[in-house]
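Any read-out appearing in this document is the output of simple, stated calculations on the displayed coordinates, not a laboratory observation. Keep in mind it's a predicted model, so treat the numbers as computed, not measured. Cβ placement follows ideal geometry from the backbone for every residue including glycine, while neighbour counts extend to all protein chains displayed.
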Amino acid sequence: MIEKHACVVERDAMLKGRPAREQCFVINDVNFLNNADIDGTQLPPRGAPNVMMAAGGTQLKKVFEDDAILTWKMFTNWEDASKSRLEGPERIAVAPYHYLCNGQLTNCVPQPGVERRLDAQGDKIMSRLVYRRIGNQQSIVGVHSVNTSSNGGGVRWYEFRMDSSGAVKLFQQGTYAPQAPQALQAPQALQAPQALQAPQAPAFRWMASPAMDKAGNIGIGYSYGDAATFVGQRFAARRAGDPLGQLTTRETVLVRGEAAQTSTLRWEDYTQTAIDPSDDCTIWYVGDYLKKDAGSYSTRIGAFRIPGCTP
């Protein structure tokens, strides 16, 4: 049996330095759960539940794919704990997906010049699961790592919306996995006889972390690597009014890796985005890479502002 504990701690008491109560629920047969984490200062409606999500499938049972995201709602009552309750799981239908690398503690992400491949943590919704309220709009943004048709890895991302009744529904989704553009070809009359070209190595984007700014723009940072590129950190985004399901900004390279990781197959231990509270527009992202001849990680922190968000 796979058992998880979902707990809530009494925030008001903690802020005042008093002993805080805790309420917990046991959830069986589920992958890693992520609690929704608030971006911005606008709070959920009074009485709204805390939302938790997990990827479908079950790695320990060798179920590596699904076509739904699982959702739970936790309602907390500090006056009468017997009235606290957990609802779920609800299956929210999404595009079919297969865990990147078949899940965690596997190895499939290649590195230049070495046999050692890296883990991708492909069985779980990644940190953070973002909640953002903009007026009456309540959005939840989540990401995880999936196999792609090119045998690489892509960032599957979702924006869910909660309606006035608290129902969680899929609003948009996409898999970000662009391949490098092909080089421009000379006119046919000027070309020498063509040699057979080696197929392009599949790209791997994984270990992502999302954020949503006060304008509703979505930014996602992630690790990037392939057989010819040491693992580094990149960033892509979309504006709120862009076509649904697309990260429309040009991919930005935050830092390029300079060496392969050989000491262990596990790459980092998650990455992180955060909204700057001073303007509610700037997205900070932190991720790791290896410098040349280094035996341990270096960390790169970057700040991005998506067009359309005015501080």
TODO: Can you quote the Å³ per residue value for the convex hull of the Cα atoms in segment 81-162, rounded to an integer?
DONE: 156 Å³
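So for segment 211-299, what are the equivalent ellipsoid semi-axes in whole Å, largest first, each being the square root of 5 times an eigenvalue of the Cα gyration tensor?
Ellipsoid half-lengths, sorted descending, are 28, 15, 10 Å.
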- [ ] Rank 100, 131, 89 by how far each Cα sits towards the positive end of the charge dipole of segment 85-143 (+1 on Lys, Arg Cβ; -1 on Asp, Glu Cβ) and give me just the farthest.
- [x] 131
TODO: Please report, in whole Å, how far the alpha carbons of segment 255-305 spread along each principal axis, starting with the longest.
DONE: 40, 18, 11
Task: Computed P(r) (all Cα pairs; the chain; 20 Å bins; percent) - done: 30, 55, 13, 1, 0
Open item on the list: Pairs on different chains or at least eight residues apart, Cα atoms closer than 28 Å: how many lysine pairs in the chain fit?
Closed with: 22
Open item on the list: With unit charges on the beta carbons (Lys and Arg positive, Asp and Glu negative) and the dipole taken about the Cα centre of the chain, which residue among 64, 143, 260 sits farthest to the positive side?
Closed with: 143
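For segment 58-155, give the magnitude of the charge dipole about the Cα centre (Cβ charges: +1 Lys/Arg, -1 Asp/Glu; no others), in debye to the nearest 20.
The dipole magnitude comes to about 160 debye.
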- [ ] Express in whole angstrom the spacing between the alpha-carbon centres of segment 72-150 and segment 202-260.
- [x] 17 Å
Open item on the list: Give me P(r) over segment 20-148, computed from all C-alpha to C-alpha distances, binned every 10 Å, as integer percentages.
Closed with: 12, 34, 31, 17, 5, 1, 0
Task: FRET E, pair residue 87, residue 2, Förster distance 22 Å, beta-carbon r, rounded to 0.05 - done: 0.65
TODO: Could you work out the Kirkwood radius for segment 25-92, taking every pair of different alpha carbons, averaging 1/r and inverting it, reported in Å?
DONE: 13.6 Å
TODO: Quick one: dipole size for the chain, taken about the Cα centre, charges +1 on Lys/Arg Cβ and -1 on Asp/Glu Cβ, in debye to the nearest 20.
DONE: 240 debye
